[in-house]
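Working notes for the structure below.
A short reminder: the numbers here are calculations on the coordinates, not readings from a lab. Everything numeric in this text was worked out from a predicted model, so none of it was measured. Cβ coordinates were reconstructed from backbone atoms using ideal geometry, including for glycine residues, and neighbour counts include every protein chain displayed.
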Amino acid sequence: MTDEATEREFRRVADTFIDLANEHIKSVAKENVGMALLFAASRFNAFVVASHSKTLEDYDGEHDKAVEFFSAEYVKMLKENMVDYRRAYEAPAEQSDETDQH
């Protein structure tokens, strides 16, 4: 798979989770949905690390690297998305629908 195809797949899968989160915010506070997404991501990523570890020693050996990797990736992605959402304040009349969901 090319880097471009991998990126498209990544975005497509991410969008499915965002779509589901947007459905949930119809009946659950968006802050709770956001925290649920964080919990789900951390739980699934712990599973990914465990699935690549044949032994407890392997798992323990990957623990700190995994926490560091996933933490850094989250911070990077959050910063990028915060920059994107900043646009909502630059042109509020044009962007108001976009900040309600997604």
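Side notes on the structure shown:
- Longest DSSP-loop-exposure-free segment, trypsin sites (Lys or Arg not before Pro), the chain, at most 13 other Cβ within 10 Å: 55-102
- Backbone N within segment 1-20 under 15 Å of label point (7 Å from H102 Cα along the Cβ vector): 11-20
- Ellipticity estimate at 222 nm from DSSP helix runs (n ≥ 4, -39,500 (n - 2.57)) divided over the chain, nearest 500: -30000 deg cm²/dmol
- Taking 7 Å steps out from each Cα toward its Cβ at Y59 and E7 produces label points 3.6 nm apart.
- Whole-number percent relative contact order across the chain, with pairs defined as alpha carbons under 8 Å at least 6 apart: 25 percent
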